[in-house]
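The values are calculated or read from the model by the stated rules, or taken from the named source; none is laboratory data. Remember, it's a predicted structure, so these values are computed and weren't measured experimentally. All Cβ positions, glycine included, derive from the backbone under ideal geometry; neighbour counts span all protein chains shown. Quick note on the areas: whole protein, heavy atoms, side chains included, nothing else; ligands and nucleic acids left out. Shrake-Rupley method; radii C 1.70, N 1.55, O 1.52, S 1.80 Å.
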There are 2 protein chains.
Amino acid sequence: MSLLDYFKTTKPNSAKLAKERLQILVAHERSERNQPSYLPQLKQELLNVIRKYIQINQDDISVNFESDDEQETLELNIVIPEQPQS
Amino acid sequence: MSLLDYFKTTKPNSAKLAKERLQILVAHERSERNQPSYLPQLKQELLNVIRKYIQINQDDISVNFESDDEQETLELNIVIPEQPQS
């Protein structure tokens, strides 16, 4: 199963809500334990890039960071506010 | 099952290879069909950000983009070159 399949299996539920959502996952598999992690810093830069494309508030973003010896995962979940009707 | 769990189930295999890898997934669930997609443009900007943290060649990156009416998914898989011993 690929990650793309995973996203597909989650789709029907979210489509029902008719919300726009953006999810970003960054997974880093390290070959050595004692390397510095750049994911926390990377997070802010990713958010800056996304803000160029969509207007989001800090409140609309939830961030999850998990780390163990070999793997770090950064998860950003963004609920995109409804656009005003023009 | 969360996406984080998915990453965990794939770990043993990749750890065996002792490679460093970075995987980025961007999933966008749209509430309307005819919106412009910003993911292709976002891709290049994400790569520019990552290049600030790690040295990667264009050849080390594979990109997958899938799109249907409600969902777009951008997948970046990056194999991080081994660092020279210092």
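Structure summary
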quantity	calculated
Selection count, the stretch B:67-84, where residues are part of a loop (DSSP other than H, G, I, E, B) and closer than 17 Å to residue A:23 by Cβ	2
Residue check, residue B:37 surrounded by 15 or more Cβ atoms within 10 Å (Cβ to Cβ), at pLDDT below 85 and either among the small types (Gly, Ala, Ser) or over 24 Å from residue A:47 (Cβ atoms) (or both)	no
Search result, residues across the stretch A:52-66 that are within 11 Å of chain B (Cβ to nearest Cβ) and either touching a strand residue (DSSP E or B) at 6+ places or on another chain (Cβ under 8 Å) or within 14 Å of residue A:21 (Cα to Cα) (or both)	A:53, A:54, A:64, A:65, A:66
Leading residue by the ranking (modelled with the highest pLDDT) among those in the stretch B:52-75 that are over 13 Å from the mean Cα position of the chain (by Cα), surrounded by fewer than 13 Cβ atoms within 10 Å (Cβ to Cβ) and not acidic (Asp, Glu)	B:52
Pair list, Cβ < 8 Å and 6+ apart or interchain, from the stretch A:58-76 residues that are of a type in the set (Gly, Ala, Ser) to residues that are open to solvent by 60 Å² or more (accessible area, probe 1.4 Å) and part of a strand (DSSP E or B)	none
